[in-house]
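The values are calculated or read from the model by the stated rules, or taken from the named source; none is laboratory data. The model shown is predicted, which means the values in this text are computed figures rather than measured ones. Please note: Cβ atoms are built from the backbone with ideal geometry, for glycine as well, and neighbour counts cover all protein chains shown.
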Amino acid sequence: MKNLIRIFIVILIVHGKLSSQPIPFEVFTGNKKYSFDVMAMKHTYIQSDSIADILFFSRARAVSDYQEGEEKILPQFALTQAFGYKVQKFKGFTPVFVVQLFNRGTFFKPGISYLKATKKFTFFSWTVIELKENPYIDFFVLTRYTPKLTDRLNGFIQIELLNNFPTQKNNAIQLTQRARLGLKTGRSQFGFAADFSEVINKNTKPMDNLGLFIRHEF
């Protein structure tokens with residue numbers, strides 16, 4: 001737990017320096033793992049009448065097993081920064097460049113993204129490829145819907161998919177799904193959460209982590 005907190009403090013500081021907007025901070029406690037997650041997305045117009053604008057996506061995640069100290073299971077951390085330049089005639093599609101820092105190393109990934117955002121609905125996706133030999137192709141989708149329930153209360157539904165497909169036949173396909181279902185009041189959201197992951201082509205069982213989440217925009 002102490003190792004995870006130290007790592008997360010570092011990536012949170014980096015995240016805060018790279019993003020000037022309010023920071024949404026999520027804590028998820030599941031039946032097998034717990035996690036901290038910070039995710040922010042910003043679309044900045046260069047000028048009020050500009051035909052293009054800047055897309056900025058920033059995320060920091062830290063995940064740990066409850067047996068971290070007992071079985072020397074190390075926490076996992078990830079820092080993702082994505083930058084894109086949107087041209088209006090592309091109708092939401094944006095060339096994007098993603099930089100990701102994991103326990104196992106740093107990865108650079110160019111590709112294309114798509115964003116559709118309103119006050120209550122967000123759909124964001126990208127397809128990128130690693131700049132390395134025998135790269136993986138990443139397909140990421142984030143969908144969020146906050147329907148109005150009362151004057152002070154909204155629903156909160158979020159679905160996230162992260163699928164990694166190898167370009168080399170013998171490498172494994174990696175699939176991750178995350179779901180959040182709850183309520184939103186002011187800057188806070190809370191409710192039920194579920195994370196699923198699976199590695200295909202390897203002798204490993206699918207992993208599920210079910211529990212509760214609380215999220216606040218600081």
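Kindly indicate the residue of the range 197-218 that is among the charged types (D, E, K, R) and out of contact with any Lys or Arg (no Cβ under 7 Å at 6 or more places or on another chain) and also surrounded by the most Cβ atoms within 10 Å (Cβ to Cβ) among those meeting that condition.
Filtering the range 197-218 down to residues among the charged types (D, E, K, R) leaves 198, 202, 205, 208, 215, 217.
Restricting the remaining residues to those that are out of contact with any Lys or Arg (no Cβ under 7 Å at 6 or more places or on another chain) gives 198, 202, 205, 208, 215.
Working: E198: 17, K202: 10, K205: 7, D208: 14, R215: 23.
Checking each candidate, the answer is R215.
Would you please list the contacts, defined by Cβ atoms under 6 Å and residues six or more apart or on different chains, that run from a residue in the range 160-178 that is under 30 Å from V27 (Cα atoms) and without any contact (Cβ under 8 Å) to a residue 40 or more places away in the chain to a residue that is assigned to a strand (DSSP E or B) and of a type in the set (D, E)?
N164/D138; L175/E198; R178/E160; R178/D195
I'd like the residue in the range 174-196 that is among the polar types (S, T, N, Q) and more than 19 Å from S125 (Cβ to Cβ) and, out of all such residues, is surrounded by the most Cβ atoms within 10 Å (Cβ to Cβ).
Among those that are among the polar types (S, T, N, Q) and more than 19 Å from S125 (Cβ to Cβ), it is Q189.
Report, by residue number, each residue of the range 104-130 that is polar (S, T, N, Q) and under 16 Å from the mean Cα position of the chain (by Cα). Can you show your working first?
So in the range 104-130, the residues polar (S, T, N, Q) come out as 106, 113, 118, 122, 125, 127.
Scanning the range 104-130 gives S113, T122, S125, T127.
Where residues in the range 149-159 are in contact (Cβ under 8 Å) with a residue 12 or more places away in the chain and of a type outside the set (A, V, I, L, M), which of them is farthest from T204 (Cα to Cα)?
Only one residue tops the list, namely R152.
Being over 18 Å from Q158 (Cβ atoms), touching a strand residue (DSSP E or B) at 6+ places or on another chain (Cβ under 7 Å) and either modelled with pLDDT of 85 or more or not aromatic (F, W, Y) (or both) is true for just one of D49, D37, D53. Which residue is that?
Checking each option against the conditions leaves just D53.
Would you please name the residue that is modelled with the lowest pLDDT, looking only at residues in the range 104-129 that are of a type outside the set (A, V, I, L, M, F, W, C) and farther than 21 Å from Q177 by Cβ? Full working, then the answer.
We begin by selecting, within the range 104-129, every residue of a type outside the set (A, V, I, L, M, F, W, C); these are 104-106, 109-111, 113-114, 116, 118-120, 122, 125, 127.
Okay, now just the ones that are also farther than 21 Å from Q177 by Cβ, so 104-106, 110, 118-120.
Details: R104: 81, G105: 86, T106: 91, P110: 96, T118: 86, K119: 86, K120: 92.
Taking the candidates together, the pick is R104.
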